[in-house]
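The values are calculated or read from the model by the stated rules, or taken from the named source; none is laboratory data. Computed from a prediction, not measured in an experiment: that's the story for all the values here. Side chains included, ligands, DNA and RNA excluded: accessible areas come from the protein's heavy atoms. Shrake-Rupley method; radii C 1.70, N 1.55, O 1.52, S 1.80 Å.
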Amino acid sequence: MDSFYKKITNSRFYSWGDKLGDIIIVSVLWLICCIPVVTFIPSSIALYYTVNKSKKSELSVSKMFFGSFKDNLRQGVLINIIYSLYMLIPSACIFFGVYGIGDVKLPDAYLPFSLVTLIPVVFTLPFVIALLARFDNDIKTTFKNAFTLSAMNLMTTLYIWLIIIIALPLMVLFPPCALVVPAIACKFIVPKCEKVFGIANKVVENRNNPVEDVEASDEEDYDDEEDDDEDDEEDDMEEDINE
């Protein structure tokens, strides 16, 4: 009986079922925790953290999710409120651009110009959630780093927004998809963000440890001086022979 149980648990079918179960659990937890709306950011942080750590941790996905959700609840709610308040500005600009102000119709150029107000959201939101899930920084530093990473990695930023734009309509148009889409979408986003973080960490390490570069350059200069000395000696020998 034990050998049969081991054979079942070690089978590929069981492994797939286990992974599917984790995907459903994490997706459902994300949906439930997003219900208050102001907890959208903390829920998304917990989703990213759980998907990123699920392969490395022996904890259940529910424990990882709620642990991250609790740790980032206060900061996540504050950032959620900041985004909500700021979105009133582009929403009003776009509304007035389309419908005008009362009987006054605004110039045609106003609507495209009003879309510029979305830039702070477009260039921070893709990395804000990932940064909060991975690093312990204050809100100002998180926004600054998110904007910098988004601006320096435009293709990754567009990729993340593409995944979000595909995932949201799927969940709205086909509600059963909401049982798996959040976790699956996050599985596509996590590797891209982690790659960006890895590159950024290497850049920071190189800036903080310039000693090796200086030593290497000194060695190159020393080698060049030796080569110059050798060349001078060879030139002197040639002059003596000619004489």
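In terms of distances greater than 21 angstrom between alpha carbons, the cross-link table entries LYS63/LYS192; LYS19/LYS55; LYS19/LYS202 yield LYS63/LYS192; LYS19/LYS202.
With Kirkwood's inverse mean 1/r over C-alpha pairs for Rh, give me the Rg to Rh ratio of region 49-156, two decimals please. Show your work: numbers first, answer last.
Working: Rg = 18.4 Å, Rh = 16.3 Å.
Rounded to two decimals, Rg/Rh equals 1.13.
If each residue of separation counts as 0.36 nm, what is the full-extension length gain between LEU173 and ASP108 once their alpha-carbon separation is subtracted?
Numbers: separation 65, 0.36 × 65 = 23.40 nm, distance 3.26 nm.
The LEU173-ASP108 span can extend by a further 20.1 nm.
Calculated accessible area for region 81-172 comes out at 62 Å² per residue, all protein chains present (probe 1.4 Å; ligands, DNA, RNA ignored).
Note: region 13-80, Cα convex hull, 66 Å³ per residue. Ignoring any ligand, DNA or RNA, what whole percent of the accessible area of region 91-148 comes from carbon and sulfur when the probe is 1.4 angstrom? Solvent-exposed carbon and sulfur of region 91-148 make up 69 percent of the total. Rg over Rh for region 79-119 works out to 1.06, using Cα positions for both radii and the Kirkwood form for Rh.
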